[in-house]
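The values are calculated or read from the model by the stated rules, or taken from the named source; none is laboratory data. Being a predicted model, the structure only gives us computed values, none of them experimental. Glycine gets a Cβ as well: all are built from the backbone with ideal geometry, and neighbour counts include every protein chain shown. Ligands, DNA and RNA are excluded from the accessible area calculation, which covers all protein heavy atoms including side chains. Shrake-Rupley method; radii C 1.70, N 1.55, O 1.52, S 1.80 Å.
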Amino acid sequence: MNHFGSGDIPFSEAEHTELKTTNSKDFIQVPFMIGAISFFHSVPADDLNATTRKLNLDRCTLSAIFQRKIKTWDHAAIKALNPGLTVPANQAINVVRRKLGSSSTSLSSKYLNGATADATCSYNWDIGTGKGGPGESPTWAADTIEQEGSGGVSKYIADNKYSIGYIDSGHGHSKNLAEIALKNADGNYLTSKEAGAAGIGAAGANAVSTALANDMSLSWHAVDLMNQAGANTWPICTFSYLYIRKNLDDT
């Protein structure tokens, strides 16, 4: 057992109980930072709405794209959300994703899995989510493109037109990638840049206020920042945690 560590996912309830009770290794989980995950694309600007250059996608449509149930950019579901889209007929969607499990894989697939609860969505998320470790990723279709790390995903999107993938928002912005405008819980389409610090922070504030008291020694497994309410709230957010043993003495 380490004395401390960090990560983007809280301990599961079972792990929390095992450490604190079975192994008597009392510890706290300290949320020290909040981050966002986004979907980015490389549809050429000339194919988008000339005024906004935005590409809007809701969770249901994204779920279908990443499961390869929607394979072309001119699919009716995408066109309905983007009337100004003028892609070539039957233009293929290149879906790029992380090769191994990651927090961005876990969080984006958890978000897409939420489409299953939407009675109006025809595309259930059927390929699993996982916690983010090796071997715990979704069961991706064979024609998705795997890349190593966020750098590999962002490079593929930048180098290949008509691609789509997920990475942490800041990484995509630093590479000047075009960001998908997501439909948030209040039904508004926005990018993480438009949501800004206030919209990302609102997800954390809502999650903590509804999930538990501000006690870092408790299990934070139920703290869910996903798709929180608010006109400007970004739908895919996570805390980064420090995991710290209360007693650092090994004896």
Any hit, the range 30-43, residues being over 30 Å from residue 180 (Cβ atoms) and open to solvent by less than 70 Å² (accessible area, probe 1.4 Å): yes
Odd one out for residue 192 among (1) closer than 17 Å to residue 9 by Cα; (2) crowded, with 20+ Cβ neighbours inside 10 Å; (3) not β-branched (Val, Ile, Thr): (1)
Residue identified as at positive phi and either in a loop (DSSP other than H, G, I, E, B) or of a type in the set (Val, Ile, Thr) (or both) among 227, 232, 247: 227
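Conditions (1) within 23 Å of residue 31 (Cβ to Cβ); (2) more than 13 Å from the chain's Cα centre (by Cα), marked per residue:
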position	(1), (2)
175	no, yes
198	yes, yes
204	yes, yes
216	yes, yes
219	yes, yes
225	yes, no
238	yes, no
242	yes, yes
Qualifying helices (runs of 4 or more DSSP H) (wholly inside the range 6-90; at least 1 residues being touching a residue at least 40 places away in the same chain (Cβ under 8 Å) and of a type in the set (Lys, Arg)): 59-66
Meets criteria (surrounded by fewer than 22 Cβ atoms within 10 Å (Cβ to Cβ) and in contact (Cβ under 8 Å) with a residue 60 or more places away in the chain) for residue 209: no
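Looking at 167, 157, which one is open to solvent by less than 20 Å² (accessible area, probe 1.4 Å) and under 20 Å from residue 239 (Cβ atoms)?
Answer to the check: 167.
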Pair list, Cβ < 7 Å and 6+ apart or interchain, from the range 168-189 residues that are without any contact (Cβ under 8 Å) to a residue 60 or more places away in the chain to residues that are outside any strand (DSSP E or B) and basic (Lys, Arg): 173/193
Of residues in the range 99-124 being out of contact with any strand residue (DSSP E or B) (no Cβ under 7 Å at 6 or more places or on another chain) and farther than 22 Å from residue 184 by Cα, the one most open to solvent (accessible area, probe 1.4 Å): 100
Test: residue in the range 175-188 that is within 20 Å of residue 13 (Cβ to Cβ) and part of a loop (DSSP other than H, G, I, E, B): no
Check on residue 122, out of contact with any Asp or Glu (no Cβ under 9 Å at 6 or more places or on another chain) and touching a residue at least 12 places away in the same chain (Cβ under 8 Å): yes
Residues of the range 65-86 classified as of a type in the set (A, V, I, L, M, F, W, C), under 16 Å from residue 163 (Cα atoms) and in contact with a Ser or Thr (Cβ under 8 Å, 6 or more places away or on another chain), total: 3
